[in-house]
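Since the structure comes first, as structure tokens, the remarks are kept for the end.
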Amino acid sequence: MGNSLACFSPKIAARSSDSTSPAHRDASPPRPSSSASSTARRAASALPGSTSNKKNKKKMETAASASASAAEAGELCRDALIREQAIAAVMLLKQYQSGGGNENGDSLRLFSRSTSTSALFPSVSGKSGVKQSVPRSSTSRRRSCSDVPLPPLPQVLADEALEADGVETNRFVLVHGGGYGAWCWYKTIALLRQGGFKVDAVDLMGSGIRLTDTNNVNSMAEYVKPLTDIIDKLGDGEKVILVGHDFGGACVSYLMELYPHKIAKAVFLAAAMLKNGQSFLDMFSLQEGPSDLMRQAQIFLYGNGKDQPPTAIELDKARLEDLLFNQSPAKDVALASVSMRPIPFAPILEKLTLSDANYGSIRRFYIETHEDYAIPASLQEAMIKSNPPEKVFHLKGCDHSPFFTKPQALHRFLTEISKIS
């Protein structure tokens, strides 16, 4: 029976050998089968002192170390993101508390070049020393697969150093859309300024931090007065690139007619690009049907009484995210929800006079947003077809607020447009 047991697993034989008689231990053990030898080798490799076990232990330690490094880097990224959001919020709050802009409160005070982008777009390094870009948004909202992760901002700016050199003009004037304010351009301002451009972004009448009652703005000329003040102060031969978003496109067209010799180029960003005799309201006639979402979001205000025509339009805050910010980061949606103002109604109804000699003499460019629910891509394309610009750029996976959703892609397009000769 003892010889029969010895033919089984070597583990059993090793344990049972302690209980056998001395005479039996002296006897030559039977030769194990090849399968038993293989089992024995595997069992031996698992012993603490074996070479194989040392290798496995080393692999496990290496994997554990890599996992810990990844966890630490992830924690650094999360910490940097929280720090980014906190700094941006504090900077915005200080601007509002200070009254913003110049002594007349005409415009939102812009971030200094030394702090703006480093605070808003930080990058962190893991133990390996490789910089990792911090996520732009804490939102879990669906993102387009076309939104390829970009390199850290310092690297981008290093690659585009002195990008404003050699251009016709290095000065941009950013014109916000209806209900927005200069605050919406904060990322674009930071990026352009880091590239060496001069940037102005103003609050139009009744917008942003301007205390003017929107219901009392009765014409386009009155609405764009802060913008004409900037153009009027330009020196002889000095030109600007106007960028208009949404209703700001109509404002840009109005300025193009008034100041053809002071505007080098005009950029329409998901904006109304009107023809002679059209109003902003007329633009929507190019659509097959009104947007249900837009109609549901509109709230008419009657500053002169309900028996009189509406004086302004407010957008329902509960529908803002779906209408204007369906792809935007959560922190920017929060900023917009407390900053949006009503839109004066009279300028929306005003039909513009646009001549070939003035408006038509300025180079126009259009930047189209493909996931836009306020001015849908189909309506943008209808305007482009009706009134063709020099060149069209496309922001795929972008909502109606590209300065929030695709700030770096927008910056690249604006830089490219500035360099077109």
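Observations, loosely collected:
- Output for the stretch 249-271, where each listed residue is surrounded by fewer than 21 Cβ atoms within 10 Å (Cβ to Cβ) and of a type in the set (Phe, Trp, Tyr): 259
- Residue within the stretch 165-176 that is more than 24 Å from residue 416 (Cα to Cα) and among the hydroxyl-bearing types (Ser, Thr, Tyr) present: no
- Complete set of residues in the stretch 219-248 that are closer than 26 Å to residue 379 by Cα and either outside the structural domain of residue 273 (by TED's automatic domain parsing) or touching a Ser or Thr at 6+ places or on another chain (Cβ under 7 Å) (or both): 241
- Taken together, 204, 274 contain a single residue that is crowded, with 16+ Cβ neighbours inside 10 Å and either without any contact (Cβ under 8 Å) to a residue 12 or more places away in the chain or farther than 19 Å from residue 324 by Cβ (or both), which is 274.
- One residue alone among 403, 365 is assigned to a helix (DSSP H, G or I) and buried (at least 18 other Cβ atoms within 10 Å of the Cβ), and that residue is 403.
- Boolean, residue 352 is part of a loop (DSSP other than H, G, I, E, B), in contact with a helix residue (DSSP H, G or I) (Cβ under 8 Å, 6 or more places away or on another chain), touching a residue at least 40 places away in the same chain (Cβ under 8 Å) and not polar (S, T, N, Q): yes
- Check on residue 310, under 18 Å from residue 206 (Cα atoms), surrounded by 21 or more Cβ atoms within 10 Å (Cβ to Cβ), in the same structural domain as residue 261 (by TED's automatic domain parsing) and of a type outside the set (S, T, N, Q): no
- Entry remark, the stretch 339-361: residues being more than 26 Å from residue 325 (Cα to Cα), of a type in the set (A, V, I, L, M, F, W, C) and buried (at least 21 other Cβ atoms within 10 Å of the Cβ) number 1 in total.
- Residue in the stretch 293-300 that is out of contact with any helix residue (DSSP H, G or I) (no Cβ under 9 Å at 6 or more places or on another chain), over 16 Å from residue 336 (Cβ atoms), in a strand (DSSP E or B) and polar (S, T, N, Q) present: yes
- Taking the numbered list (1) at pLDDT below 95; (2) surrounded by fewer than 14 Cβ atoms within 10 Å (Cβ to Cβ); (3) not hydroxyl-bearing (Ser, Thr, Tyr) in turn, residue 385 passes all entries but (1).
The values are calculated or read from the model by the stated rules, or taken from the named source; none is laboratory data. Bear in mind the structure is a predicted one, so any value in this text is a computation, not a measurement. Cβ coordinates were reconstructed from backbone atoms using ideal geometry, including for glycine residues, and neighbour counts include every protein chain displayed.
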